[in-house]
1. Kindly provide the set of residues from segment 101-125 that are touching a helix residue (DSSP H, G or I) at 6+ places or on another chain (Cβ under 6 Å) and more than 19 Å from Asp11 (Cβ to Cβ), ordered by number.
2. Assuming Gly29 fulfils every condition listed in (1) crowded, with 19+ Cβ neighbours inside 10 Å; (2) modelled with pLDDT of 85 or more apart from one, which condition is it?
3. Name the single residue that is modelled with the highest pLDDT among those in segment 14-24 being surrounded by fewer than 19 Cβ atoms within 10 Å (Cβ to Cβ) and not small (Gly, Ala, Ser).
4. Taking segment 93-116, which residues are assigned to a helix (DSSP H, G or I), in contact with a strand residue (DSSP E or B) (Cβ under 8 Å, 6 or more places away or on another chain) and at pLDDT 95 or above?
Amino acid sequence: MGSIGIRIVYDGNQSGPGHMYVVFKGDDGSVETFGHYPQSGIDAGGGRGEVRTSDKVRETASGVLGTNGVPNASRDFPVAPGDYQRALDYARDAVKQKGDITKPWGFYGPITRSCVDFTWNVARQAGLRKR
């Protein structure tokens, strides 16, 4: 059974305002990461956005939690194969929306369309809910 992980990187830990992203760990040992970002510094207040797969470097960073870009908080959740695939497809589709502000993840908004919103939307696609 694969798992979906949620990672939080606090402000100042090689991340300006802090960051949240999702990690997919497959049964075969594969690892894919997805995080939502403004497309440029100008867009950080609201504008073109993109989902990047570059957070994988954080998964292989070494050191104490909260240093060298190593996430400050981390939690993995095992999910059923169908839920895993639905969430992975959702994240992969979001990558294709880069810069298209008519698409949900082609727009970045620090209040309603941030990395936090993206991560929780992916988690919901996998059936993860607040209790």
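The values are calculated or read from the model by the stated rules, or taken from the named source; none is laboratory data. The shown structure was predicted, so the numbers you read here are calculated from the model rather than taken from an experiment. Don't worry about glycine lacking a Cβ; one is built from the backbone with ideal geometry, like all the others, and counts go over all protein chains shown.
1. Trp105, Val122, Gln125, listed by residue number.
2. Gly29 satisfies all of (1) crowded, with 19+ Cβ neighbours inside 10 Å; (2) modelled with pLDDT of 85 or more except (1).
3. Pro17
4. Of all residues in segment 93-116, those assigned to a helix (DSSP H, G or I) come to 93-95, 115-116.
Still in the running and in contact with a strand residue (DSSP E or B) (Cβ under 8 Å, 6 or more places away or on another chain): 94-95, 115-116.
Hits for segment 93-116 are Ala94, Val95.
Residues are listed down the side, and each one gets a yes or a no for (1) closer than 22 Å to Arg124 by Cβ; (2) of a type in the set (D, E, K, R); (3) surrounded by fewer than 18 Cβ atoms within 10 Å (Cβ to Cβ):
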residue: Gly5; (1), (2), (3): yes, no, no
residue: Gly35; (1), (2), (3): yes, no, no
residue: Gly41; (1), (2), (3): no, no, yes
residue: Thr67; (1), (2), (3): no, no, yes
residue: Ser74; (1), (2), (3): yes, no, yes
residue: Ala91; (1), (2), (3): yes, no, no
residue: Phe107; (1), (2), (3): yes, no, no
residue: Ile111; (1), (2), (3): yes, no, yes
